[in-house]
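This report refers to the structure that appears directly beneath it.
None of the figures in this text is laboratory data; all of them are computed from the coordinates on show. Predicted model only: the values in this text are computed from it and were never measured. Heads up, the Cβs are rebuilt from the backbone with ideal geometry, glycines too, and the neighbour counts pull from every protein chain shown.
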Amino acid sequence: IKCQNIGQKLPESTCAHGIALVVRNLAHVPANRSYWSTVQLRTVADYAHADQYRSYEVISEPAVRSNILACLVEIERSTAEALSGVTPNLLLWGELTAAQFLLVLGDLTTWSLTRFEPVRCWSAAEELTPTEIQEGHGLVGRTGRMSGSNYGEHQSMRSLCDVAHPKVRGAALWTAHALMATCHTAASDRRSGKTAQDRQHALLTRAAPASRRWLAVRQAQWPRDYCRNRWIDVEAIDTNCRQGPPLDTNC
């Protein structure tokens, strides 16, 4: 996908997002290894269907599946528009240019896909609740516990460009939607909140301290007004933890 913008050049690193679920036009396939076509996706028999085997014994919530799909389509569409230079919806995403939206999205998806712990574990994106796994079957998912040493030589981070599995990419964008969007309805077994700041606090206080430190460094590169109006201070979480951490957080 070539970045066609209005007035400014998009960073090269933001031009390879691709589309989370389906490449709608094969002429616009991103020039990297993490692409797939509609035909390839439909070879997976359970792609568009809920988990008929009910792998997790939780109460069925069909509305959660509809909400996950709606959120993925929403952030997918906004990403595609931003790659074409279209300014994101102010009410939905806050005051960001196309390039800034892709910068924040790239940082958040990289944060959510990277294992910052030295042991094998789920990434933040893949740490899904039973309801999310059951109702998001075929849309969001995970592959296996990993550590940073599994990424390969000279690689310590994992971005969307490094992940071809559509369910894992979907999980990363589902997480990014929760952190960025004005309106986001989480699954009933996901501790969340009404505002983006509530969701940010709920996710980040459970995250590894190393991951918060990395995201705090990246947050310093985001637009100042955007951070003040739409985000919590990530760096301040560890300061508050040292003063007296809540019992149910990972401070």
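Select from segment 162-222 those trypsin sites (Lys or Arg not before Pro) which occupy a DSSP coil region and have at most 12 other Cβ atoms within 10 Å, ordered by residue number.
Numbers: sites: K167, R169, R190, R191, K194, R199, R206, R212, R213, R218; in loops: R190, R191, K194, R206.
When the trypsin sites (Lys or Arg not before Pro) of segment 162-222 are filtered for loop state and at most 12 Cβ neighbours within 10 Å, K194 remain.
Give me, ordered by chain and number, the residues 5 or more places off C121 or on other chains with an amide H under 5 Å from its own placed amide H.
Those lying under 5 Å, H to H, from C121 are M146, S147.
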